[in-house]
Amino acid sequence: MAVLYSTHSSRYKPGLNICWTSSQLPIGPSPLVLTGPSGSGKSTLLKQLMDEFQDCFGFSISHTTRKPRVGEVNGREYHFISHDEFEKSIERQEFLEFTQFSNNYYGTSKKAVKDVQNCGKICILDVEIEGVKNLKKTDLNPRFVFIKPPNMDVLEKRLRSRGTESEDAIQRRLKRAIDEMQFGETNGVFDLTIINDRIDDAYNDLRQFIVEDINALKFSRGM
């Protein structure tokens, strides 16, 4: 039995392990997991990948309790739900992984991943660092990619250009980014690290990394 996650919320005591046996894991192509600091460009890279290979990839839409940003649509960027709904889903063990940041939950449901894999597509997951740690404990065998900015000054500029967060929120994200960047240097955790300085170059790196999986999927379909 694999330990899926532990949480640090006030309601769910630190160290509480919610388990999912390997026999319950969905079967299908290995998922692609992207992570990195907020503002590193993950969403832009994922959109390009989905646009070019829409028949090969399916995006696992995460759940969150944070408020939608301007332009975000429920069920597209995230499933936006209340704290109460999220915690009830935790109790029902519906999440593959989840974490907290700035008093908000973020999580990946088992159903979201299974639905994509049942369609014979490569499931893409955009998760936080804690999500990476938890997914490492499963039998999903994902491919892990870390996206990083060229430096902290560029990251701060990107966060500020959004115009969606308070100064306190920006400072929290920058502080968190330092820890995330340090974790990104951990040997043996990530299959690929991409420095997103120029988006075209970063996308080419991602594309080259995953193209063998894409070709294998197409071959299995007789394409």
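The values are calculated or read from the model by the stated rules, or taken from the named source; none is laboratory data. The model shown is predicted, which means the values in this text are computed figures rather than measured ones. Cβ: placed from backbone, ideal geometry, glycine included. Neighbour counts: every protein chain shown.
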- Query: Just one of the numbered conditions (1) more than 30 Å from C56 (Cα to Cα); (2) free of Cβ contacts under 8 Å to residues at least 60 places away in the same chain; (3) among the polar types (S, T, N, Q) is not true of T164; which one?
  - Reply: (2)
- Single residue of segment 172-199 satisfying the filter (within 17 Å of V145 (Cβ to Cβ) and among the acidic types (D, E)) that is surrounded by the fewest Cβ atoms within 10 Å (Cβ to Cβ): E185
- Message: So in segment 174-223, with the set limited to residues that are in a helix (DSSP H, G or I) and hydroxyl-bearing (S, T, Y), which one is modelled with the lowest pLDDT?
- Response: S220
- Message: So, D139, is that one closer than 21 Å to I199 by Cβ and among the acidic types (D, E) or not?
- Response: no
- Would you call D139 in contact with a helix residue (DSSP H, G or I) (Cβ under 8 Å, 6 or more places away or on another chain) and either within 16 Å of V33 (Cα to Cα) or at pLDDT 95 or above (or both)? yes
- How many residues are outside any helix (DSSP H, G or I), within 19 Å of N103 (Cβ to Cβ) and not polar (S, T, N, Q) if we restrict to segment 156-173? 1
- For K47: the one exception among (1) surrounded by 13 or more Cβ atoms within 10 Å (Cβ to Cβ); (2) modelled with pLDDT of 50 or more: (1)
- Note on the structure: Filter segment 200-223 for residues that are β-branched (V, I, T) and touching a residue at least 60 places away in the same chain (Cβ under 8 Å); the one that is farthest from P150 (Cα to Cα) is I214
- Just for segment 143-158: of the residues that are of a type outside the set (D, E, K, R) and crowded, with 21+ Cβ neighbours inside 10 Å, which one is farthest from the chain's Cα centre (by Cα)? L155
- Sole residue being among the charged types (D, E, K, R) and modelled with pLDDT under 50, chosen from R11, R76: R11
- Out of the residues in segment 52-99 that are small (G, A, S) and touching a His at 6+ places or on another chain (Cβ under 9 Å), state the one that is farthest from I210 (Cα to Cα). S89
